[in-house]
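Trainee: Dropping a structure here in structure tokens format, bear with me for questions.
The values are calculated or read from the model by the stated rules, or taken from the named source; none is laboratory data. Because the structure is predicted, anything quoted here is derived from the model rather than measured. So basically every Cβ, Gly included, is an ideal-geometry build from the backbone, and we count neighbours across all protein chains shown. Please note that ligands, DNA and RNA were not included when accessible areas were found on the heavy atoms of the full protein model with its side chains. Shrake-Rupley method; radii C 1.70, N 1.55, O 1.52, S 1.80 Å.
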Amino acid sequence: MAAPSVAVDNLNPKVLNCEYAVRGEIVIHAQRLQQQLQTQPGSLPFDEILYCNIGNPQSLGQKPVTFFREVIALCDHPCLLEKEETKSLFSADAISRATTILASIPGRATGAYSHSQGIKGLRDAIAAGIASRDGYPANADDIFLTDGASPGVHMMMQLLIRNEKDGILCPIPQYPLYSASIALHGGALVPYYLNESTGWGLEISDLKKQLEDSRLKGIDVRALVVINPGNPTGQVLAEENQRDIVKFCKNEGLVLLADEVYQENIYVDNKKFNSFKKIARSMGYNEDDLPLVSFQSVSKGYYGECGKRGGYM
């Protein structure tokens, strides 16, 4: 009798090496308990489970921002714009925004294939927002729209990792997307440790040590991941620290992968977010001097649109 053609022991070992702790054993157990609550009401000393393992605001009761949902509804069903009663059901701002967006989409259809980098008109708007944020020009042709920041991260790992000797420097603790995607693409995780005693600061001396140790082992370290503001640590890097990181990447020939999805989530007066692009440009570096990829997402900030999947790199 032939062995099963698909079994755990003959799956891609890179997939088996992936670990995604925020969706691991505790969550699986919670899902079992939720199933029990549905099939056997009253069998547990509680009647509801709140999933706090991952940033997921709407599952905890955060209401979607009305403006976003009105715009999406009008874009997805544009014939509503032709009805007189729409003016009383939707805000004038939402009607205006939907009209503008639809005008930038070939065929005015959100269900159609777009340019591989995403709709040009939307990339123009993002570029204008980045330029306004940083005070330096941004080019829409450098922007890729993605269905959340995670696919952008996976795309970069796919581009950078050629074999098991290609390494990526990643912070510890970190959001497990990075360790999981490095494992999935068959590369080497090169950890660097954030210093809790200095507010989870990033020490350049530790980066250098990890880089040198890895090179001695034959690992070609190709990129540095920086999560700023931090996840799960919540730190906001000081401008001087960011300058040191940029210099380090420039001197060592590393791609700087800047996860900046929490840039709107700063709740203290003495901290200020600066994008790595702004820092690099202020130091006189352009795209020829430093390969830099930054990630943004509508899952975070005040938007909380985790299930709608939108982002860019």
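Trainee: If Leu89 satisfies every condition in (1) closer than 24 Å to Glu305 by Cα; (2) in contact (Cβ under 8 Å) with a residue 40 or more places away in the chain but one, which is the exception?
Mentor: Every listed condition holds for Leu89 apart from (2).
Trainee: Only one of (1) open to solvent by less than 60 Å² (accessible area, probe 1.4 Å); (2) at positive phi is not met by Trp200, so which one is it?
Mentor: With (1) open to solvent by less than 60 Å² (accessible area, probe 1.4 Å); (2) at positive phi applied to Trp200, the lone miss is (1).
Trainee: Given Ala238, Ala180, which one is over 18 Å from Leu290 (Cα atoms), among the hydrophobic types (A, V, I, L, M, F, W, C), under 17 Å from the mean Cα position of the chain (by Cα) and modelled with pLDDT under 95?
Mentor: Result of the check over Ala238, Ala180: Ala180.
Trainee: Further question on the same structure: If the requirement is being in contact with a strand residue (DSSP E or B) (Cβ under 7 Å, 6 or more places away or on another chain) and open to solvent by less than 10 Å² (accessible area, probe 1.4 Å), which of these qualifies: Leu194, Leu224, Leu189?
Mentor: Residue meeting the stated conditions: Leu224.
Trainee: Considering Pro45, Pro41, Pro4, which residue is in contact with a helix residue (DSSP H, G or I) (Cβ under 9 Å, 6 or more places away or on another chain), exposed (fewer than 10 other Cβ atoms within 10 Å of the Cβ) and not in a helix (DSSP H, G or I)?
Mentor: Pro4
Trainee: May I pose another question? In region 117-137, what residues are in contact (Cβ under 8 Å) with a residue 12 or more places away in the chain and in a loop (DSSP other than H, G, I, E, B)?
Mentor: Within region 117-137, Gln117, Gly118, Ile119, Gly135, Tyr136 qualify.
Trainee: Going by the structure shown, is Arg97 part of a helix (DSSP H, G or I) and within 19 Å of the chain's Cα centre (by Cα)?
Mentor: no
Trainee: Collect the residues in region 262-281 that are in contact (Cβ under 8 Å) with a residue 60 or more places away in the chain and either open to solvent by 20 Å² or more (accessible area, probe 1.4 Å) or not assigned by the TED database to the domain that holds Pro232 (or both), keeping them in residue-number order.
Mentor: Of everything in region 262-281, those that are in contact (Cβ under 8 Å) with a residue 60 or more places away in the chain and either open to solvent by 20 Å² or more (accessible area, probe 1.4 Å) or not assigned by the TED database to the domain that holds Pro232 (or both) turn out to be Lys277, Lys278, Arg281.
Trainee: For residues that are modelled with pLDDT of 85 or more and among the polar types (S, T, N, Q), scanning just region 6-39, find the one that is nearest to Gly187 (Cα to Cα).
Mentor: Per the stated criteria, the residue is Asn12.
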